[in-house]
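The values are calculated or read from the model by the stated rules, or taken from the named source; none is laboratory data. Note that this is a predicted model, so its numbers are computed, not measured. Every residue, glycine among them, receives a Cβ derived from its backbone with ideal geometry; neighbour counts consider all protein chains shown. Areas reflect the complete protein model, heavy atoms only, side chains present, ligands, DNA and RNA absent. Shrake-Rupley method; radii C 1.70, N 1.55, O 1.52, S 1.80 Å.
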Amino acid sequence: MNMTDYLNINFPGLSLEPPLFYSWESALRFELGDPGLFDIDGEHYLERVYFRAIELFKELHHPNDDVILVTDAYFANVAKGRGHKLNLYQRFIKNKKILRHIQIEVIPDESDESDTSIGPPFYIHRYWLPCKAREIKYAPLIQAICNQDMALKPKIKHRVFFVNITQGSIFHIYDDRGCDVISMTPDVLREVYDKYYGWILKYDKEKMDRVFRAD
C-alpha cells in the first residue's frame, strides 16, 4: 500500500501538513522547549528539547514497526515537475539498500501567496520511504529537526513526518518548541497521554483531556 492510499483509508480527509493537532480529533501536543529557559541557559534548553523529542519517538515507535518517513521540501521553478535530490535519507537511514524505494511527488504549494510575475512559484517535493523504525538514525535526525531555527548544525528545515503503519500514528516535530502526534483512535495514544501527561502543552490540555481521559 502506498502512502496516499494509507492516509485516505486510515486518516480520511487529513491534509498531511502542520498543525496536525488542529486537524484531527485524536491528537496530542507536547511541549519540548521551556520558553523561560531559552535566554537563561541555551545548552540546558536544547538538552531538554532533544531528550523529550527522542523519548516520545521511542515510546511511539517500536524497532520492528513499519514506518513511512515523509519529507516535504520546498523548491521554486521546478522544470517539468522533476524532483531535486535530497540527502536527508542518505544521512539518516542505516540501510542504504532501501533507498531505491524512495518515492517522490511534486505538488503546488497551496499556501504560497507570492507574486508569480516577480518570481517562480514554489512547489512541495514530497519524498517518502517505507522502512522499519530501527532503520532510521532517529536520534541525530530528531536533533537536526529541532535545530532548524538555531545557529547549530546539523539542521533540517524541511517538514518531516513519521507515519507509523503498525501503530496507526503520525508524529511531527514542528520545531524546538513542540511536537504533535495523531492516531487513528484515542486508544492508540492513551498510554502515551498518561505516561507523559506532564509534558502536554497546557494551552490545549482541556481539549486533550476530553478526548483521552478515562471516565
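The residue of region 84-108 that is farthest from H125 (Cα to Cα), among those that are of a type in the set (K, R) and either open to solvent by less than 50 Å² (accessible area, probe 1.4 Å) or not in a helix (DSSP H, G or I) (or both), is K94. Being farther than 15 Å from S169 by Cα and either part of a loop (DSSP other than H, G, I, E, B) or open to solvent by 40 Å² or more (accessible area, probe 1.4 Å) (or both) is the requirement here; does E43 meet it? Spelling it out, E43 is indeed farther than 15 Å from S169 by Cα and either part of a loop (DSSP other than H, G, I, E, B) or open to solvent by 40 Å² or more (accessible area, probe 1.4 Å) (or both).
Can you give me the number of residues within region 24-39 that are touching a residue at least 40 places away in the same chain (Cβ under 8 Å) and either open to solvent by 60 Å² or more (accessible area, probe 1.4 Å) or closer than 15 Å to V70 by Cβ (or both)? The total comes to 2.
If the condition is being more than 16 Å from Y50 (Cα to Cα) and either of a type in the set (G, A, S) or buried (at least 19 other Cβ atoms within 10 Å of the Cβ) (or both), then region 168-192 contributes G168, S169, I170, V181, I182, S183, L189, V192.
Within this structure, F51 passes the test of being open to solvent by 50 Å² or more (accessible area, probe 1.4 Å) and either in contact (Cβ under 8 Å) with a residue 24 or more places away in the chain or under 20 Å from L152 (Cβ atoms) (or both). Determine whether region 184-197 contains at least one residue that is closer than 16 Å to E31 by Cβ and under 12 Å from the mean Cα position of the chain (by Cα). No: zero hits.
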